[in-house]
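One structure is given here, and the rest of the page talks about it.
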Amino acid sequence: MPFKTIIEPFRIKAVEPIRRTTWDERAAALAEAGYNLFLLKAEDVLIDLLTDSGTGAMSAQQWAGMMVGDESYAGARSFFRFEAAVQEITSFRHIIPTHQGRAAERILFGSVVKTGDIVPNNTHFDTTRANVEFRDARALDIPVAESRDPQHIHPFKGNIDLDLLEQTLADHPGRVPLSMITVTNNSGGGQPVSMANIRAASEICRRHGVPLLLDACRFAENAWFIKLREDGYADKTPLEIAQEMFSYADGCTMSAKKDGMANIGGFLALNDDGWAQQCKNLLILTEGFPTYGGLAGYDLEAIAVGLKEALDEDYLRYRIRSVEYLGEVCLHNDIPIVLPTGGHALYIDAKSMLPEIPWKQYPAWALSLALYQEGGVRSVPIDSVMFGRQPDGSEKPAANELVRLAFPRRVYTQSHVDYLAEVLIYVNEMRDSIRGVRMIYEPPVLRHFTARFAPIGMDESG
Ligand code: F0G
């Protein structure tokens, strides 16, 4: 095609207004929220890139599906449609619906992880880590070395380190109940995992008798990157690629709020009959009967349709290209970002952009406050606030100080992306005036959600 403009592969049928605010209103909103963007009122945000989770726009087909949702308590038709949709992609034997991804994690780890166990992963997402640690087990992150340098270009920076995986399984026989791979690697920059890496990890796990599970939240985006970047996959459909990815695993956890294209929902899928039984028993205790798992029948319908739409090539091309486009603008304007751009989000490297702010004054946090103050844009820091506190209560810096701009699915248009580009350029130009923050309250777990901060004044920061 001779045309370069990115167009959304859909027309808009329902619109939702967004609200402009003044600089002073945003300053007041920040103070009120304890300088924590999670504590803002969403209506005070112009462009909300806090997360791509549950924030997507559903299609006409999904809304139509919801109207035929079957709300029977047990054995509902909607469950069987949902089960068939998940099985077409994953082929796993047992499909257990949950209200979202972390519920699948809690039920899985609650059933099969014991005190002192180790769970390796390329990089645990924060709720996954918290759910492993809640079992008094160790969540071990073993991404490939290339992932540590944000500026290093590598097609599959989400890969798990196969040598470290082999070594972990060899050194701790009987202590690793399962191994995981997160596709794409969210906390590592939304970077994809190659098919070769999944296949090799699966062989290692099989040799040691350890089940391999995918954290499959963004499986469709990962499949698209394999199609674009891995030899031998250019002519395969995203569905065929996803099917092969799942064929190397023994199960998965899934947040359908991402590549399920739904506003709520998730599932746990397993091949092992014994594990599935244990998990279903726990599910009944806290989520609900195994044919609805905390969801309404209409949610199951929305997910059944959404999983297919997430694998549509036109959609994936538009989605991944929008993020890449914003990345190109950043590169042209010397804004340091994680390279190459990931699937669901652009990650700004705050350590490089604000080298004067020490990690204990949380540069990524400070940058994300500036993006809101200047442009009304809400992002999320993936940084030492999120990862700095260790299980023993001590503090250490996270591997990177990143600001994530996560793109909700099918929500914003190319002109929103152009506006964002302007805000990023503007904030980068005024970066010398950005000050760090001090944490003045922190809760005991997942502190980034509710911690409160004070901006550091000129006098304090020196
Ligand atoms: N795993 C990954 C890789 C995730 O990104 C998330 C959620 C979860 C598990 C948990 O799923 O939210 O449905 O309970 N990530 C969101 C985010 C919240 O903003 O990245 P959940």
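The values are calculated or read from the model by the stated rules, or taken from the named source; none is laboratory data. Everything numeric here is computed off the predicted structure, so don't read it as measured data. Methodologically, a virtual Cβ is constructed for each residue, glycine included, from the backbone with ideal geometry; neighbour enumeration extends over all protein chains shown. For the accessible areas, the whole protein counts, side chains as well, though only heavy atoms, and no ligand, DNA or RNA atoms are used. Shrake-Rupley method; radii C 1.70, N 1.55, O 1.52, S 1.80 Å.
Here are the numbers for this structure:
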| quantity | calculated |
| --- | --- |
| Given (1) within 21 Å of Val423 (Cα to Cα); (2) within 21 Å of the chain's Cα centre (by Cα); (3) not small (Gly, Ala, Ser), number of the condition Asn333 does not satisfy | (2) |
| Only listed residue being more than 16 Å from the ligand (Cβ to nearest atom) and over 25 Å from the mean Cα position of the chain (by Cα), chosen from Glu71, Glu88 | Glu71 |
| Flag if Val176 is hydrophobic (A, V, I, L, M, F, W, C), open to solvent by 10 Å² or more (accessible area, probe 1.4 Å) and either within 14 Å of the ligand (Cβ to nearest atom) or more than 14 Å from the chain's Cα centre (by Cα) (or both) | yes |
| Leading residue by the ranking (farthest from the ligand (Cβ to nearest atom)) among those in the range 114-125 that are closer than 16 Å to Asp383 by Cβ and open to solvent by 10 Å² or more (accessible area, probe 1.4 Å) | Thr123 |
| Residue check for Arg135: at pLDDT below 95 and under 23 Å from the mean Cα position of the chain (by Cα) | no |
| Pairs, first outside any loop (DSSP other than H, G, I, E, B) in the range 254-265, second among the hydrophobic types (A, V, I, L, M, F, W, C) and more than 10 Å from the ligand (Cβ to nearest atom), C-beta under 6 Å, six or more apart | Met254/Phe267 |
| Residues located in the range 91-104, provided they are among the β-branched types (Val, Ile, Thr) and more than 9 Å from the ligand (Cβ to nearest atom) | Ile95, Ile96 |
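Listed here are the residues, each with its yes/no results for (1) open to solvent by less than 30 Å² (accessible area, probe 1.4 Å); (2) assigned to a loop (DSSP other than H, G, I, E, B); (3) in contact with a Leu (Cβ under 7 Å, 6 or more places away or on another chain).
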| residue | (1), (2), (3) |
| --- | --- |
| Ala196 | no, no, no |
| Ala200 | yes, no, yes |
| Val210 | yes, yes, yes |
| Leu214 | yes, no, no |
| Phe225 | yes, no, no |
| Leu239 | no, no, yes |
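Table: residues versus (1) open to solvent by less than 50 Å² (accessible area, probe 1.4 Å); (2) within 16 Å of the ligand (Cβ to nearest atom).
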| residue | (1), (2) |
| --- | --- |
| Arg20 | no, no |
| Leu50 | yes, yes |
| Ser59 | yes, no |
| Trp63 | no, no |
